[in-house]
Amino acid sequence: MPKFQTLKGFKDVLPEEFPYWRFVLGKAYDLADRYGFQQIDTPVLEETRLFLRGLQEGTAIILDKELYSFEDLDGASISLRPEFTAGIMRAYVQHGMHTRPKPVKLFAIGPLFRHEKPQAGRFRQHTQFNAELLGEEDPAADLEIMQLAYNLYRELGFQNISFQINSIGCPVCRPTYIETLVEYFETHYDELPQVDKRRLRVNPLRVLDTKEAATRALLIDAPKSVDHLCHDCAEHFDTLQGYLQALDLPYRVNFRLVRGFDYYVRTVFEVWAEELGAQNALCGGGRYDGLVESVGGPRTPGVGVGIGVERIVLSLKAQGVQPPALPRPVVMALHRGFEARLAALKLTDALRSAGVPAVTAFGERSLKSQLKSANKAGVRYAAIIAEDELAQGVATMRDMETGEQTKAPLDEIVAWVQKRRGG
RNA sequence: GUGGCCAUAGCUCAAUAGGCAGAGCACCUGGUUGUGGCCCAGGAGGUUACGGGUUCAAGUCCCGUUGGCCACCCCA
């Protein structure tokens, strides 16, 4: 066993993975551009308080346990970011971004850290593509965030994806709903499994997305948030559904879909892919009109989504989607003798400058050995430069697929290769 | 945090009933003077995850630890 290994829940991304990563991230950038989102990057480390601000005590304790927190050299408590949104909201307020033309549309890509028990598609460090739309209450904003997520999956080649949506109301209508919900479960208190008794106490909405069969039976008759929305929330939800229908976006209202935080309002949604087992949620998002305020800014509506990149990569593999191949060296310059080697180095340099991926054989090994290297590197052409070629000022260009060989003047090789690459 | 399954070479896996740690793939070198793939020969690569225990003898049985997978919990 190696002397050192990655920490529990962390992993290396090896070269074989990168066709997938570049495919996903390339598409993410592309879509963000097309949707008019601007990129923002915030520090990986922030004040711990930022991540635990204004949470109910029970929730704060749980989250605290999953936060990578430590004391800085000056004694300040700092933490690795467990999510993007808090840092982006902090930046929004700190830089007075509320004075920018609304809506402010931001996206970010980078690592997040949570001290969780590792599991399928869940690591202690994961990468997220995050989009936030701030300053707009129109359900079309919710729609835009949802479209962004949906089309990312669609354009990556995902099949059978659809939305699960719900509206969890707002500070006006939610408290009454939660009261009704708690009352309902209290009349069935003895039928509730231990976990759900606890949930009912700590975070009642969470009882709705329980995995306990006994509780799920009770859910059939449980009050639904969509039936307890205030006028504005109901209208917002109706309008959003009208948009989804108009745009042919497949969705289901799922009254069990919730978020556990107070600043979430109205729309919550997830994108689901069929046949992905227990972890069928590809991403989740929602509206958080109270969030900017909670970090000290003006009251600002907002809606956002977080999309886990590792989970996409896993799903792409599970669905057998082939990402485009990454560029490989096209030419390897082989050489024999010191002068030839210099010529090979110059040739490689010229090819690279012209945009042709090229490498030089290293060392002073036999031509045979160098050809083996060229074969393993998968290059299309071996440019052989030895005494004869040097004397004539040419290279022997060997096509590694057909074995065909032709000589070409050294200063014409760039053009020779480009012509054959169809450039 | 709770529970189940698992851990042998870089990878995939063997190793009778507890009795000398192996194969395939991958890697390196060679198969003569300037030519790859296939083939052949050779090489390197292991404290059997780690620590303890039982035994004449442990990869194999027992305990602990670490790590992985799966489910729960949680999911900003």
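The values are calculated or read from the model by the stated rules, or taken from the named source; none is laboratory data. Just so you know, these numbers come straight off a predicted model, no measurement behind them. For neighbour counting, all protein chains shown are included, and Cβ atoms are generated from backbone atoms with ideal geometry for every residue, glycine included. Ligands, DNA and RNA are excluded from the accessible area calculation, which covers all protein heavy atoms including side chains. Shrake-Rupley method; radii C 1.70, N 1.55, O 1.52, S 1.80 Å.
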* Asked: Conditions: (1) within 8 Å of RNA strand B (Cβ to nearest atom); (2) of a type outside the set (Phe, Trp, Tyr); (3) modelled with pLDDT under 95; (4) surrounded by 15 or more Cβ atoms within 10 Å (Cβ to Cβ). A:Ile385 meets all but one. Number of the miss?
  -> (3)
* Pull up segment A:362-379, narrow it to residues that are crowded, with 20+ Cβ neighbours inside 10 Å and within 17 Å of A:Arg352 (Cα to Cα), then point me to the one that is farthest from RNA strand B (Cβ to nearest atom). => A:Val379
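Can you pull out the residues in segment A:130-148 that are more than 14 Å from RNA strand B (Cβ to nearest atom) and either surrounded by 19 or more Cβ atoms within 10 Å (Cβ to Cβ) or within 17 Å of the chain's Cα centre (by Cα) (or both)?
A:Leu133, A:Leu134, A:Gly135, A:Pro139, A:Ala141, A:Asp142, A:Leu143, A:Glu144, A:Met146, A:Gln147, A:Leu148
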* Here is a list of conditions, (1) away from RNA strand B (no atom under 15 Å from the Cβ); (2) open to solvent by 40 Å² or more (accessible area, probe 1.4 Å); (3) touching a strand residue (DSSP E or B) at 6+ places or on another chain (Cβ under 8 Å), and A:Val104 meets all of them except one; can you say which number that is? -> (2)
* To do: Search segment A:388-407 for residues being touching an Asp or Glu at 6+ places or on another chain (Cβ under 8 Å) and not small (Gly, Ala, Ser), and hand back the single one that is surrounded by the fewest Cβ atoms within 10 Å (Cβ to Cβ).
  => A:Gln405
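Kindly indicate whether any position in segment A:294-315 is within 30 Å of A:Phe113 (Cα to Cα) and open to solvent by 70 Å² or more (accessible area, probe 1.4 Å). Quick ask: steps written out before the conclusion?
Step one: of segment A:294-315, the residues within 30 Å of A:Phe113 (Cα to Cα) are A:294-315.
With the extra rule that they be open to solvent by 70 Å² or more (accessible area, probe 1.4 Å), the set shrinks to A:299, A:314.
The answer is yes; a qualifying residue exists.
So which of A:Ala354, A:Ala340 is closer than 30 Å to A:Ala28 by Cα and either touching a residue at least 24 places away in the same chain (Cβ under 8 Å) or surrounded by fewer than 16 Cβ atoms within 10 Å (Cβ to Cβ) (or both)? Even if it seems obvious, please write down each step before you answer.
Working: A:Ala340 fails: closer than 30 Å to A:Ala28 by Cα.
Just a single option satisfies the conditions, and that option is A:Ala354.
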* To do: Working only within segment A:310-343, note down all residues that are touching a strand residue (DSSP E or B) at 6+ places or on another chain (Cβ under 7 Å) and either modelled with pLDDT of 95 or more or within 30 Å of A:Val394 (Cα to Cα) (or both).
  => A:Pro329, A:Val330, A:Val331, A:Met332, A:Ala333, A:Leu334, A:His335, A:Ala340, A:Arg341, A:Ala343
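Filter segment A:149-172 for residues that are more than 30 Å from A:Phe23 (Cβ to Cβ) and within 33 Å of the chain's Cα centre (by Cα); which is surrounded by the most Cβ atoms within 10 Å (Cβ to Cβ)?
Here is the first cut: in segment A:149-172, the residues more than 30 Å from A:Phe23 (Cβ to Cβ) are A:166-172.
Narrowing further to those that are within 33 Å of the chain's Cα centre (by Cα): A:166-171.
Details: A:Asn166: 24, A:Ser167: 30, A:Ile168: 27, A:Gly169: 24, A:Cys170: 19, A:Pro171: 12.
Once the filter is applied, the top-ranked residue is A:Ser167.
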* Are there any pairs, at least 6 apart or on different chains, whose C-beta atoms fall under 8 Å, with the first in segment A:9-30 and in the same structural domain as A:Gln119 (by TED's automatic domain parsing) and more than 19 Å from A:Phe123 (Cβ to Cβ) and the second more than 16 Å from RNA strand B (Cβ to nearest atom) and among the aliphatic types (A, V, I, L, M), and if so, which? -> A:Pro19/A:Ala325; A:Pro19/A:Leu326; A:Arg22/A:Leu326; A:Phe23/A:Leu156; A:Lys27/A:Leu152; A:Lys27/A:Leu156
* To do: Could you tell me which of the residues A:Asp196, A:Asp190, A:Asp209 is among the acidic types (Asp, Glu) and away from RNA strand B (no atom under 16 Å from the Cβ)?
  => A:Asp190
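Would you check if A:Thr267 is over 24 Å from the mean Cα position of the chain (by Cα) and closer than 15 Å to A:Arg287 by Cα?
Numbers: over 24 Å from the mean Cα position of the chain (by Cα): no; closer than 15 Å to A:Arg287 by Cα: yes.
Against the criterion (over 24 Å from the mean Cα position of the chain (by Cα) and closer than 15 Å to A:Arg287 by Cα), A:Thr267 does not qualify.
Give me the residue from segment A:215-231 that is touching a helix residue (DSSP H, G or I) at 6+ places or on another chain (Cβ under 6 Å) and open to solvent by less than 60 Å² (accessible area, probe 1.4 Å) and, out of that set, nearest to RNA strand B (Cβ to nearest atom). Working first, answer last.
Step one: of segment A:215-231, the residues touching a helix residue (DSSP H, G or I) at 6+ places or on another chain (Cβ under 6 Å) are A:215, A:222-223, A:225, A:228.
Now drop any that are not open to solvent by less than 60 Å² (accessible area, probe 1.4 Å), which leaves A:215, A:222-223, A:225.
Details: A:Thr215: 9, A:Ala222: 16, A:Pro223: 20, A:Ser225: 15 Å.
Selected residue: A:Thr215.
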* Structure fact -> Log entry, pairs with first residue in segment A:293-306 being modelled with pLDDT of 90 or more and within 12 Å of RNA strand B (Cβ to nearest atom), second being open to solvent by less than 20 Å² (accessible area, probe 1.4 Å) and in a loop (DSSP other than H, G, I, E, B), beta carbons closer than 9 Å, six or more apart or on different chains, reads A:Gly304/A:Phe84; A:Gly304/A:Tyr288; A:Gly306/A:Phe84
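Listed here are the residues, each with its yes/no results for (1) touching a Cys at 6+ places or on another chain (Cβ under 6 Å); (2) under 22 Å from A:Tyr264 (Cβ atoms); (3) surrounded by 14 or more Cβ atoms within 10 Å (Cβ to Cβ).
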residue	(1), (2), (3)
A:Lys197	no, no, yes
A:Val207	no, yes, yes
A:Glu235	no, yes, no
A:Gln241	no, yes, yes
